[in-house]
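*Asks:* Take this structure first; my questions come after.
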Amino acid sequence: MKRSLFYIVLLSIFCCNSCKKDNGAKPSPGNYLPLTNGSTWKYNYVSDGGTSDTLVVTMTGENTKINGQTYYGATSTFRKNSSFGYFYAGNHIYATRTAGDLNPAIELQLLNDTASVGYRWTTLPTVSGKIGENFVRAVNIIKEKNISRTIEGKTYTDVIHTQILLQYDFGDGNGYQTSVTYDFYLAKDVGLIENDANTLDILFETETLFDYTIK
């Protein structure tokens, strides 16, 4: 199963009626998730099941207002399928959100760039706090800051490592239990350089950046 940065949170197919073209407004430069129109990131995708693929994420120039905040559209394209989703960067928070026909919309906060190592905060991925019939939450953790990380032969500096524990309460009396652990590595002025997913210590998947263009 492929779980790209967008597929992580079950992105649906592009719904053009939900967004509009960016008329020149650009997110602030010098951050951990550049969102300028036309920027692209190319990743090698590998799972422990033996699956490999190439993922290309492209900022499209669409944007939409959600709860007064501007979210920027991007496509996530494998060799055989493509999805559409949103990124948000503002008030030191960086997030990804589903788009299209998926209901409810699911949002994960990738980073708070002012938080110190060890800081954790809990967010609700959906407005209702549920996915299906089950309660869900995301425990977000700053694992490392100002580190270097070498990926696909290239060394990136000023990297922040964050982790998200996606937890469900299945109503069995055990409270919230972690279903998926995500590790994200974001480099300043580059964006997401690595994404690792561990599902119940059974399925391991990783995406590593091998090329990018920031417009």
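*Asks:* With label points built 7 Å along Cα→Cβ from the Cα atoms of Glu133 and Ser82, find their separation and express it in nm.
*Replies:* Using points 7 Å along Cα→Cβ, the separation is 3.8 nm.
*Asks:* If I model a spin label as a point 7 Å beyond the Cα along the Cα-Cβ vector, how far apart are those points for Thr64 and Val117 in nm?
*Replies:* Distance between the two pseudo-spin positions: 3.9 nm.
*Asks:* While we're here: With every atom except the alpha carbons ignored, what do you get for Rg and Dmax of region 55-145, in angstroms?
*Replies:* 14.3, 40
*Asks:* Can you work out the FRET efficiency for the pair Asn146 and Asp211, with r the C-beta to C-beta distance and R0 = 41 Å, to the nearest 0.05?
*Replies:* Numbers: r = 24 Å, r/R0 = 0.59.
The computed FRET efficiency comes out at 0.95.
*Asks:* Right, here's the next one. How large are Rg and Dmax for region 7-213 when only the alpha carbon atoms are used, in Å?
*Replies:* According to the Cα coordinates of region 7-213, Rg and Dmax are 16.5, 51 Å.
FYI, it's all coordinate maths here, none of it is from the lab. Quantities reported herein were computed from a predicted structural model and do not represent experimental measurements. Because the Cβ atoms are built from the backbone with ideal geometry, glycine has one as well, and the counts that use them run over all protein chains shown.
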